[in-house]
Amino acid sequence: MKLNNYINGSWQEGGGADYAAVVNPANGETLCEVKLSGKQDVDEAVKAAKRAQKEWALVPAPKRADYLYEIGRLMKERKEHLAQVLTKEMGKVIEEGRGEVQEGIDMAFYMAGEGRRLFGETVPSELQDKFAMSVRAPIGVVGLITPWNFPVAIATWKSFPAIVAGNTFIWKPATETPMMAYEMARIFDEVGLPAGVANVVFGSGGEVGTAMIEHPDIRVISFTGSTETGRSVAELGGRHLKKVSLEMGGKNAVIVMDDADLDLAVEGILWSAFGTAGQRCTACSRVIVHRDVKEELEQRLLKQMEGLTIGDGLDESVKIGPVINAPALEKIHSYVEIGKKEGAKLLAGGRILEDGSLKGGYYYEPTLFTDVKWDSRIAQEEIFGPVISLIEVDSLDEAIEVNNSVTYGLSSSIFTRDVNQAFRAQRDLDTGIVYVNAGTTGAEIHLPFGGTKGTGNGHRDSGVAALDVFTEWKSIYVDYSGKLQRAQIDTE
Ligand code: NAP
């Protein structure tokens, strides 16, 4: 099967285009092929989106929301199918695949509700017989660039607020995971979104992404991916005066204090560190542990790690699936080698797995380092694989300092039974998301999602905050006095 672009409400034939193979990371088998589009495809999609946007902005927001209710309903109906496709193309275990699809469903219904809110402000005017208010206005055509690790959820965080706010969009999914985008485009088509409102253009970041950022009629770029790519998106976007929303990498930590429930902490660490094979932006890759419980925590982690089944995520008994591709596998392994050279002690894992049923897939053994120095590379850089670094500290203050020492600021967590420590931590941890007595993963769609420092540039996905990316504030003054009233002057 060949996946082609969805532009102006129809599927575009490839016509001599190049295609890339889409590979199942669990076994290396080719699942389908995806079109590698170019600038002319982007131009065509933007033309359609621009044409559609004028009308779309005039559709009352509650009516625009009705499409989202329908999208949510279809996603719910197809939840198992979507989850299976997701697991096949990116590898996360099926239970997590279902969870991710559910996140998209939640986002559809939540943003549909916004169609009856989209609150602005009304404020008293300083002058008599004058009315003052602000409204959220749509921006126009927006560009969405998404990564492979959450191929559906992240797209819904961006496209649903864009839709309800009256924008039209061009979505470029990651080349590794076009199948979920194809499934979503089918749903957009089936619910009857007017032609040109939703457009999906497949292709590489270098070609399609660049063409989108440079296109004069795309006013917003909402990007999720690595910090390295995000920086170049921001640089190019800045040159073209684009509004650029960036959600980027993470180096997230779980803090375990000496009064923590250790069994709970172990569960939280394993779920956050090894879920999606460590390839979540919110993955726990550092454990900052109080000296008094370090050895006990190590022992309990090692014991639980023994029971983790690795394999094809479609097998319900499997706990850890493959990583996305061979370069990812090599990158993870190279960090393990770096960790050893830096003097960290390897307690478990550290190997590429390729025997028996794992042959042909991209599997990495869950890995645990201890005695890691807080400023070493494995404790500072995003590895994006199933590797945990344990760092020992003496106090809450030191734990917070170590947590905040990285250039990223997405998610952090603390396990403690002391409410005072918990509240101090939530105040002082420099991350966009903080968990108390839970791992670093588990965001819900109705709160803002994003991070500080190298993780973001101040925007947020998800929650009402997502509307800030896809709307402009318009302030409106209505003077019904019948005379010229000058603000700040005729107020006496
Ligand atoms: P990536 O390599 O940065 O790619 C992300 C997207 O950007 C892909 O669609 C990619 O297209 C595109 N792209 C690549 N080069 C581009 C360019 N020059 N201009 C425009 N677009 C370009 O990231 P990834 O490997 O897919 O995803 C993993 C990263 O995402 C990790 O760092 C993770 O922490 C981060 N992430 C962050 C969040 C968050 O919310 N903070 C959530 C999930 C993931 P192609 O790949 O098709 O070329």
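Every number here is computed from the coordinates shown, using simple stated rules; none is lab data. What you see is a predicted model, and the numbers here were worked out from it, not measured in a lab. FYI the Cβ positions are ideal-geometry reconstructions off the backbone, even for glycines, and counts take in every protein chain you see.
Observations on the model:
- Helix 39-58 vs. the chain, principal-axis angle (Cα, 0 to 90°, nearest 10): 60 degrees
- Virtual spin-label span in nm between Met1 and Lys483, 7 Å along Cα→Cβ: 7.1 nm
- Leu353 long-range amide H proximity, modeled H, under 5 Å: Tyr363, Tyr364, Glu365
- When the alpha carbon coordinates of the chain are projected onto the principal axes, the ranges are 78, 66, 41 Å, largest first.
- For the peptides 277-290, 467-480, 401-414, 33-46, the ranking by mean Cβ contacts within 10 Å, running from highest to lowest, is 277-290, 401-414, 33-46, 467-480.
- Nearest 10 degrees, 0 to 90: helix 178-190 Cα axis against the chain principal axis: 30 degrees
- Each peptide in 384-394, 69-79, 447-457 gets a packing score, the mean of other Cβ atoms within 10 Å over its residues, and the list from highest to lowest is 384-394, 447-457, 69-79.
- Spacing of the two label points (7 Å from each Cα toward its C-beta) at Arg377 and Glu29, in nm: 3.8 nm
- Folded to 0 to 90 degrees: helix 326-341 orientation relative to the chain principal axis, Cα: 50 degrees
- Across the range 71-77, rounded Karplus estimates of 3J(HN,Hα) from the backbone phi angles (6.51 cos²θ - 1.76 cosθ + 1.60, θ = phi - 60°) give 4, x, 5, 5, 4, 5, 4 Hz, Gly and Pro being marked x.
- Contact order relative to length of the chain, as percent, for alpha carbon pairs under 8 angstrom and 6 or more apart: 19 percent
- According to the Cα-based calculation, Rg over Rh for the range 253-436 is 0.96, with Rh computed by the Kirkwood formula.
- Calculated FRET efficiency for the pair Ala21/Glu306, C-beta based, R₀ 60 Å, to 0.05: 0.95
- The mean sequence separation of alpha-carbon pairs under 8 Å and at least six residues apart, normalised by the residue count of the range 253-436, gives a relative contact order of 27 percent.
- Val220 long-range amide H proximity, modeled H, under 5 Å: Gly143
- With both residues required to sit in the chain, DSSP beta bridges show an antiparallel share near 40%.
- Calculated mean residue ellipticity at 222 nm for the chain: -11500 deg cm²/dmol, from DSSP H runs with n ≥ 4 weighted as -39500 (n - 2.57), summed, divided by the residue count and rounded to 500.
- Applied to the range 78-88, the Karplus parametrisation 6.51 cos²θ - 1.76 cosθ + 1.60 on θ = phi - 60° returns per-residue 3J(HN,Hα) values of 9, 3, 5, 4, 4, 5, 5, 4, 4, 5, 5 Hz, with x for Gly and Pro.
- Whole-Hz Karplus values for the range 284-293 come out as 7, 10, 10, 10, 9, 10, 5, 3, 5, 10 Hz, taken residue by residue from phi with 6.51 cos²θ - 1.76 cosθ + 1.60 and θ = phi - 60°; glycine and proline positions read x.
- Amide H contacts under 5 Å for Ile288, placed H, 5+ residues apart: Val254, Ile255, Val256, Ile391
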